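What follows is a single structure, and I will ask about it in a moment.
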Amino acid sequence: MLLTKCLPLICLSLLTLCTGRPLYPLPGQGTKSFKLQTSRPYNIAHRGSNGEIPEETAAAYLRAIEEGTDFIETDILSSKDGVLICFHDVILDQTTNVASLKEFADRKRTYEVQGFNITGFYTFDFTLKELKTLRTNQRYSFRDQQYNGKYPIITFEEFIAIARDAPRVVGIYPEIKNPVLMNQHVKWPGGKRFEDKVVETLKKYGYGGAYLSKKWLRKPLFIQSFAPTSLVYISDLIDSPKVLLIDDVTMPTQDTNQTYAEITSDTYFSYIKQYVVGIGPWKDTIVPVTSNYMQAPTDLVKRAHAHNLQVHPYTYRNENTYLHFNFSQDPYNEYEYWINVIGVDGLFTDFTGSLHNYQEWTSPLTDTSKSPRHLLGQIASLVLPYSKA
């Protein structure tokens with residue numbers, strides 16, 4: 001009888017022994033005793049755990065940390081008064097309640113954004129104080145809507161605090177978003193640029209250091225942008241690793257007017273690798289898709305690796321809307337393919353917990369303390385006290 005009562009406790013102990021990494025406490029609990037893992041592809045929480053909670057909110061980032069992410073990712077934009085905020089779209093319409101607030105009805109504007117005239121409520125037409133009165137919403141209607149209207153927009157500094165206060169080392173992965181537009185509409189004292197403000201903020205909190213250096217490992221950071229000139233510009237300001245984002249190959253960049261097909265050529269890789277450690281391609285540029293079926297992979301990953309560039313594709317999502325038919329509606333099959341067949345070095349995912357689970361379940365027990373013989377010995381020691389009951 002005693003053995004039966006204790007079996008749940010024994011099973012829980014065995015689960016803890018057999019996992020690749022310990023289960024992490026919520027942020028703010030315990031001490032920061034876990035290092036960043038660098039032995040397998042990075043789990044990058046795309047705008048936080050936004051498959052569950054509205055993107056770019058404190059709650060989404062805290063959830064991603066709880067679920068085991070390696071890096072929390074954010075998009076950096078600016079308010080009218082020059083404060084850096086975490087927000088993806090240059091307009092507020094789709095993921096906030098701005099359109100329902102009468103006091104802001106006259107703020108709607110039309111600006112040219114990367115060759116297109118877009119009408120909406122732009123972040124840089126609102127002060128930070130005004131932006132803080134807004135509440136965020138889930139982007140996609142097929143995701144959980146229960147958190148709509150609950151969370152405010154956060155600043156870049158608040159985002160950094162979330163990572164720094166985590167109970168283990170959690171990296172940050174900010175994107176310098178739409179720098180051409182930001183520099184057109186926001187003016188900082190002393191003629192400083194948007195990029196200058198991003199780097200100043202990072203340095204203020206002690207970020208810096210070359211990839212895998214001791215300084216970097218204490219506060220891991222990748223800086224990303226779709227604008228190659230921004231990455232080249234900040235290379236003289238901070239030595240942290242940078243990643244060039246890659247859009248649909250037919251699209252032009254916002255700053256050089258080259259297509260992304262041009263900037264994924266070997267000639268361009270030879271140039272840009274002086275400034276970046278990797279590329280972040282849309283995954284359909286690596287493996288083209290026709291009628292929701294994946295076709296033969298391109299040589300993009302192979303060529304990037306030949307130039308010693310990491311590859312961190314985006315975005316991995318669990319929903320059937322985004323899972324190609326090849327994976328039989330199974331996100332774990334998708335992770336298996338991209339990690340073990342394509343060989344990527346990091347993955348931007350909306351569902352951090354799913355990627356973490358996959359990597360834990362498939363991690364080899366390389367530590368001798370986790371060898372089968374050792375585990376059997378631990379099992380025996382747990383059961384022995386109750387075998388005589």
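Quickly run through segment 288-331 and pick out the residues that are modelled with pLDDT of 95 or more, of a type in the set (V, I, T) and either in a strand (DSSP E or B) or out of contact with any Pro (no Cβ under 8 Å at 6 or more places or on another chain) (or both).
Listed by number, the residues that qualify are V289, T290, V301, V311, T315.
Somewhere in segment 141-151, is a residue within 29 Å of K192 (Cα to Cα) and either touching a residue at least 24 places away in the same chain (Cβ under 8 Å) or out of contact with any Asp or Glu (no Cβ under 7 Å at 6 or more places or on another chain) (or both)? Don't jump to the end; show me each part of the working.
Quick first cut of segment 141-151, residues within 29 Å of K192 (Cα to Cα) only: none.
No: segment 141-151 contains no residue that is within 29 Å of K192 (Cα to Cα) and either touching a residue at least 24 places away in the same chain (Cβ under 8 Å) or out of contact with any Asp or Glu (no Cβ under 7 Å at 6 or more places or on another chain) (or both).
What do you reckon, is H356 surrounded by 12 or more Cβ atoms within 10 Å (Cβ to Cβ), closer than 25 Å to K273 by Cβ, modelled with pLDDT of 95 or more and out of contact with any Cys (no Cβ under 8 Å at 6 or more places or on another chain)?
Values: surrounded by 12 or more Cβ atoms within 10 Å (Cβ to Cβ): yes; closer than 25 Å to K273 by Cβ: no; modelled with pLDDT of 95 or more: yes; out of contact with any Cys (no Cβ under 8 Å at 6 or more places or on another chain): yes.
Considered against the rule, which asks whether it is surrounded by 12 or more Cβ atoms within 10 Å (Cβ to Cβ), closer than 25 Å to K273 by Cβ, modelled with pLDDT of 95 or more and out of contact with any Cys (no Cβ under 8 Å at 6 or more places or on another chain), H356 comes out as no.
Could you go through segment 248-266 and let me know if any residue there is under 20 Å from H46 (Cα atoms) and not hydroxyl-bearing (S, T, Y). Give the derivation first.
First, pick out the residues of segment 248-266 that are under 20 Å from H46 (Cα atoms): 248.
Still in the running and not hydroxyl-bearing (S, T, Y): 248.
Yes, some residue in segment 248-266 is under 20 Å from H46 (Cα atoms) and not hydroxyl-bearing (S, T, Y).
Within segment 90-108, track down each residue that is assigned to a loop (DSSP other than H, G, I, E, B), in contact (Cβ under 8 Å) with a residue 24 or more places away in the chain and surrounded by fewer than 20 Cβ atoms within 10 Å (Cβ to Cβ).
Keep residues of segment 90-108 that are assigned to a loop (DSSP other than H, G, I, E, B), which gives 90, 92-95, 97, 101, 108.
Now drop any that are not in contact (Cβ under 8 Å) with a residue 24 or more places away in the chain, which leaves 90, 92-95, 97, 101.
Answer for segment 90-108, where residues must be assigned to a loop (DSSP other than H, G, I, E, B), in contact (Cβ under 8 Å) with a residue 24 or more places away in the chain and surrounded by fewer than 20 Cβ atoms within 10 Å (Cβ to Cβ): D93, Q94, N97, L101.
Moving on to the next point. If a residue has to be free of Cβ contacts under 8 Å to residues at least 40 places away in the same chain and either over 16 Å from Q310 (Cβ atoms) or over 19 Å from the mean Cα position of the chain (by Cα) (or both) to count, how many in segment 208-218 make the cut?
Residues of segment 208-218 free of Cβ contacts under 8 Å to residues at least 40 places away in the same chain: 208-210, 213-216.
Now drop any that are not either over 16 Å from Q310 (Cβ atoms) or over 19 Å from the mean Cα position of the chain (by Cα) (or both), which leaves 208-210, 213-215.
Total meeting the criteria: 6.
Somewhere in segment 250-259, is a residue of a type in the set (S, T, Y) and closer than 25 Å to F121 by Cβ? First the steps, then the outcome.
From segment 250-259, those of a type in the set (S, T, Y) are 250, 253, 256, 259; that's our starting set.
Of the ones still in play, those that are also closer than 25 Å to F121 by Cβ are none.
No - not one qualifying residue is present in segment 250-259.
Give me a count of the residues in segment 287-322 that are within 19 Å of the chain's Cα centre (by Cα) and either outside the structural domain of L244 (by TED's automatic domain parsing) or of a type outside the set (V, I, T) (or both).
Narrowing segment 287-322 to residues within 19 Å of the chain's Cα centre (by Cα): 309-319, 322.
Filter once more, so that each one left must be either outside the structural domain of L244 (by TED's automatic domain parsing) or of a type outside the set (V, I, T) (or both): 309-310, 312-314, 316-319, 322.
Adding up the residues that qualify gives 10.
I'd like to verify a number: residues in segment 171-211 that are in contact with a Pro (Cβ under 6 Å, 6 or more places away or on another chain) and more than 30 Å from K35 (Cα to Cα), how many?
Residues in segment 171-211 being in contact with a Pro (Cβ under 6 Å, 6 or more places away or on another chain) and more than 30 Å from K35 (Cα to Cα): 1 in total.
Here's the yes/no breakdown for (1) among the β-branched types (V, I, T); (2) closer than 30 Å to A261 by Cα:
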residue: F156; (1), (2): no, no
residue: I176; (1), (2): yes, yes
residue: P179; (1), (2): no, yes
residue: P189; (1), (2): no, no
residue: R218; (1), (2): no, no
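Filter segment 236-254 for residues that are part of a loop (DSSP other than H, G, I, E, B) and either in contact with a Gly (Cβ under 9 Å, 6 or more places away or on another chain) or over 24 Å from V301 (Cα atoms) (or both) and give the result. Can you show your working first?
The first filter runs over segment 236-254 and keeps only residues part of a loop (DSSP other than H, G, I, E, B), leaving 236-241, 247-251, 253-254.
Matches in segment 236-254: D236, L237, I238, D239, S240, P241, Q254.
Starting from residues that are of a type in the set (S, T, Y) and in a helix (DSSP H, G or I), keep the ones in segment 332-351 and report whichever is surrounded by the most Cβ atoms within 10 Å (Cβ to Cβ). Steps first, answer last, please.
So in segment 332-351, the residues of a type in the set (S, T, Y) come out as 332, 335, 337, 349.
Now restrict to residues that are in a helix (DSSP H, G or I): 332, 335, 337.
Numbers: Y332: 15, Y335: 23, Y337: 17.
Among those residues, the one meeting the criterion is Y335.
Among the numbered criteria (1) surrounded by fewer than 19 Cβ atoms within 10 Å (Cβ to Cβ); (2) assigned to a loop (DSSP other than H, G, I, E, B), which one does Y268 miss?
Of (1) surrounded by fewer than 19 Cβ atoms within 10 Å (Cβ to Cβ); (2) assigned to a loop (DSSP other than H, G, I, E, B), only one is false for Y268: (2).
May I ask you to list the residues in segment 174-207 that are outside any helix (DSSP H, G or I) and free of Cβ contacts under 8 Å to residues at least 12 places away in the same chain? Spell out the reasoning first.
We begin by selecting, within segment 174-207, every residue outside any helix (DSSP H, G or I); these are 174-178, 186-188, 192-193, 205-207.
Matches in segment 174-207: K192 only.
Exactly one of these conditions fails for G82: (1) within 26 Å of A227 (Cα to Cα); (2) surrounded by 17 or more Cβ atoms within 10 Å (Cβ to Cβ); (3) touching a strand residue (DSSP E or B) at 6+ places or on another chain (Cβ under 8 Å); (4) not acidic (D, E). Give me its number.
For G82, the failing item is (3).
Among the residues of segment 205-244, how many are closer than 17 Å to G171 by Cβ and surrounded by fewer than 20 Cβ atoms within 10 Å (Cβ to Cβ)?
14
Out of all the residues in segment 317-331, which are surrounded by 16 or more Cβ atoms within 10 Å (Cβ to Cβ) and in contact (Cβ under 8 Å) with a residue 40 or more places away in the chain?
R317, N318
With the condition kept exactly as written, say whether any residue in segment 234-245 is at positive phi and either in contact (Cβ under 8 Å) with a residue 24 or more places away in the chain or outside the structural domain of G171 (by TED's automatic domain parsing) (or both).
No, the conditions are met nowhere in segment 234-245.
Further question on the same structure: State all residues of segment 109-147 that are β-branched (V, I, T) and either within 11 Å of I91 (Cβ to Cβ) or surrounded by fewer than 17 Cβ atoms within 10 Å (Cβ to Cβ) (or both); if no residue qualifies, say none.
T110, V113, I118, T119, T123, T127, T133
Still on this model: Please enumerate the residues belonging to segment 273-286 that are within 22 Å of the chain's Cα centre (by Cα) and of a type outside the set (F, W, Y). Walk me through how you get there before you give the answer.
Residues of segment 273-286 within 22 Å of the chain's Cα centre (by Cα): 273, 275-286.
Selection gives K273, V276, V277, G278, I279, G280, P281, K283, D284, T285, I286.
The values are calculated or read from the model by the stated rules, or taken from the named source; none is laboratory data. Not measured: the values here are computed from a predicted model. Note: ideal-geometry Cβ built from the backbone for every residue, glycine included; neighbour counts use all protein chains shown.
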